[in-house]
Amino acid sequence: MDINAELFITKELETKDGYTWTMASRLGDTLKKAEELFGKRDIEYTILGVEFALTERLQVWYPGNCKHIIIQLNKHALEDVNQALYQLSHETVHCLSPIGKKAANILEEGLATYFSEWYMKQNGLGDWFASLPKYIEAVKLVKDLLAIDNDIIKKVRALQPTISEIKSEELLKANNNIPKELADKLCEPFYSTTDKVNS
């Protein structure tokens, strides 16, 4: 089957109890699993679906500034189903607590990278890892955090539901075993004012 068709066209399973995966059903699966790991998403935002932008960047896009979200995958995702899934699972985390603009902290980008690596491995799709230094560092810090407390994201989101707005003090309140230096670093902005690449 053509790669583009595989992303969008489903076929009934021989067992007659379901259909093959598409981007729509994978989005449902990634959202369900991200919520199980990191807490419920903000349902004030409506996720409209997934589209492919013929660019290098991938992102969550807020069309019309009316609390709608579209996940935009990049042109490389059109050429490789697994690349599409890796990008989709990353962007799914940004749909948990959106704020309508690009403003992720290191915690959110590291968590998105962690989840995309986890999702690919859990589904038998191989070992996928970030290649850009900023993402490699962010996911390392998140892994350090989760090694201390695997449920820390749910705990801290009970104090501050919006991941990009979590403060160091809130992480420490959720678990006082977290080193302050780690908490401080995770709560720094991921993007500088000169960054052009979206999440």
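The values are calculated or read from the model by the stated rules, or taken from the named source; none is laboratory data. The structure presented is a predicted model; accordingly, all values stated were derived computationally and were not measured. Neighbour counts run over all protein chains shown; Cβ positions are idealised from the backbone, glycine included.
Look at segment 89-118: where a residue is surrounded by fewer than 24 Cβ atoms within 10 Å (Cβ to Cβ), no partner that is part of a helix (DSSP H, G or I) and acidic (D, E) sits 6+ places away or on another chain with Cβ atoms under 7 Å. The residues of segment 49-66 that are buried (at least 18 other Cβ atoms within 10 Å of the Cβ) and either of a type in the set (S, T, Y) or under 16 Å from S116 (Cβ atoms) (or both), listed by number, are V50, L58, Q59, V60.
Among residues of segment 168-186 that are without any contact (Cβ under 8 Å) to a residue 12 or more places away in the chain, those with a Cβ under 9 angstrom from a residue that is of a type in the set (A, V, I, L, M, F, W, C) and surrounded by fewer than 17 Cβ atoms within 10 Å (Cβ to Cβ), sequence gap 6+ or separate chain, pair up as P179/I148. For beta carbons closer than 6 Å, sequence separation of 6+ or different chains, a first residue in segment 1-22 that is at pLDDT below 90 and assigned to a strand (DSSP E or B) and a second that is exposed (fewer than 11 other Cβ atoms within 10 Å of the Cβ) and not β-branched (V, I, T), there are no qualifying pairs.
The set of residues in segment 38-48 that are crowded, with 18+ Cβ neighbours inside 10 Å and closer than 10 Å to C95 by Cβ comprises R41, Y45, I47. Filtering segment 11-42 to residues that are among the hydroxyl-bearing types (S, T, Y) and within 25 Å of F115 (Cα to Cα) leaves Y19, T20, T22, S25, T30. Checked across segment 21-37, the condition of being touching a Leu at 6+ places or on another chain (Cβ under 9 Å), surrounded by 12 or more Cβ atoms within 10 Å (Cβ to Cβ) and hydroxyl-bearing (S, T, Y) holds for at least one residue. Considering segment 119-136, the residues that are surrounded by 13 or more Cβ atoms within 10 Å (Cβ to Cβ) and touching a residue at least 24 places away in the same chain (Cβ under 8 Å) include one that is nearest to the chain's Cα centre (by Cα), namely Y119. One residue stands out among those in segment 41-100 that are of a type in the set (D, E) and within 19 Å of D127 (Cα to Cα): the one that is modelled with the lowest pLDDT, which is E79.
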